[in-house]
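In what follows, a structure is listed as structure tokens, so that the remarks can point back to it.
The values are calculated or read from the model by the stated rules, or taken from the named source; none is laboratory data. The model shown is predicted, which means the values in this text are computed figures rather than measured ones. Quick reminder, even Gly has a Cβ in these numbers, built from the backbone with ideal geometry, and neighbours come from all protein chains shown.
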Amino acid sequence: MKKLLLIVNPRAGQRKASRFLADIIDVFNRSGYTVITHITSGLGDGTSAVIRYANDVDLVVCCGGDGTFNETISGVLRSRSDLPIGYIPAGSTNDFATSLKLSTDLVHAAYDVVSGNNILLDVGSFNGRYFSYTASFGAFTKTSYNTPQDAKNILGHAAYILSGIQELSQIKPYKVRFELPDGTVIDDEFTFGTISNTTSMGGILSFSEDVVDMADGKLELLLVRMPKDIAELRDCIRALNRKTYDSKLITFLSTDNVKITAPKDMDWTLDGEKAVGREKIHVQCLHHAIQLRCRSL
């Protein structure tokens, strides 16, 4: 029989993974897989498990949120294996899964993994640390890693919104410089920025599918400057909602890599997990870095 490594975050979302674990394993068993189940116990544990079992399994599947998926792809890439990856989204927001239209019914998602095909997807590198869909700074980025897990379990996605409201008073601009491969330099003060490979951000901000291709070797750079008054704020929100980005407060473009100079005290979030601020940062798109097993595309 083929072997499958199942990485499970029992605390993700509203603890859905724990409730449906037996049914998920049954789907894999009936599809001819011997399942090795690893329950994560802390930050980085999923990555360590994938590295440990990479040479012994045919497929690795993670059941959890975007952070769990991040650890899974990090394990595959660090092990230098060519393992296909399955994703059963059980988190509070599931931005990456939303972009790919993966099922949030956990048992159905398990069926989609075993009956799906492998598709190649890009991955981001942030000074060598991997991210599947976003590296962000500024307004609301602390929300993803500061919101208590218990609050997420009780309130689901609403917990992020409530925490974000509390963060409004702390919003401030950061002086950041971006150098693009063609020589373009963007040097200004920004209240929010993201380098992403997704159509969904926090379940609130979204990008057009006509613009975002998760396998084109490009990442999308979105930068937002601090509005000076209500009129500018309204103009910025309208441009973001319409996905036109035609506001003087917004810079939006695609690139395969960017060099960044930023304040050391400006922390980032990578797929919902904290990344300590650095003065010099290099973000690159790793073209077709992973194989995702799914039926969505």
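Here's the yes/no breakdown for (1) surrounded by fewer than 19 Cβ atoms within 10 Å (Cβ to Cβ); (2) outside the structural domain of Leu180 (by TED's automatic domain parsing); (3) closer than 29 Å to Gly65 by Cα; (4) in contact with a Lys or Arg (Cβ under 7 Å, 6 or more places away or on another chain):
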{"residue": "Thr199", "(1), (2), (3), (4)": "no, no, yes, no"}
{"residue": "Phe207", "(1), (2), (3), (4)": "no, no, yes, yes"}
{"residue": "Val211", "(1), (2), (3), (4)": "yes, no, yes, no"}
{"residue": "Met214", "(1), (2), (3), (4)": "no, no, yes, no"}
{"residue": "Lys218", "(1), (2), (3), (4)": "no, no, yes, no"}
{"residue": "Met226", "(1), (2), (3), (4)": "no, no, no, no"}
{"residue": "Ile230", "(1), (2), (3), (4)": "yes, no, no, no"}
{"residue": "Arg238", "(1), (2), (3), (4)": "yes, no, no, no"}
{"residue": "Thr244", "(1), (2), (3), (4)": "yes, no, no, no"}
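A search for C-beta distances below 7 Å between a residue of region 39-67 that is farther than 16 Å from Ile85 by Cβ and any residue that is in a strand (DSSP E or B), counting only pairs 6+ apart in sequence or on different chains, returns Ile39/Val8. Residues in region 224-258 that are in contact with a Pro (Cβ under 9 Å, 6 or more places away or on another chain), outside any loop (DSSP other than H, G, I, E, B) and either closer than 16 Å to Asn127 by Cα or at pLDDT 90 or above (or both): how many? Within region 224-258, residues that are in contact with a Pro (Cβ under 9 Å, 6 or more places away or on another chain), outside any loop (DSSP other than H, G, I, E, B) and either closer than 16 Å to Asn127 by Cα or at pLDDT 90 or above (or both) number 3.
Taken as a whole, the structure leaves Thr261 outside the set of residues that are touching a residue at least 40 places away in the same chain (Cβ under 8 Å), in contact with a strand residue (DSSP E or B) (Cβ under 9 Å, 6 or more places away or on another chain), β-branched (Val, Ile, Thr) and crowded, with 17+ Cβ neighbours inside 10 Å. Out of the residues in region 197-222 meeting the condition of being modelled with pLDDT under 95 and outside any loop (DSSP other than H, G, I, E, B), tell me which one is nearest to Lys243 (Cα to Cα). Within region 197-222, the match that is nearest to Lys243 (Cα to Cα) is Ser206. Given the structure, is Gly138 among the small types (Gly, Ala, Ser) and buried (at least 20 other Cβ atoms within 10 Å of the Cβ)? Yes; evaluated as a whole, the condition is true for this residue. One residue stands out among those in region 259-297 that are of a type in the set (S, T, N, Q) and in a strand (DSSP E or B): the one that is farthest from Lys101 (Cα to Cα), which is Thr261.
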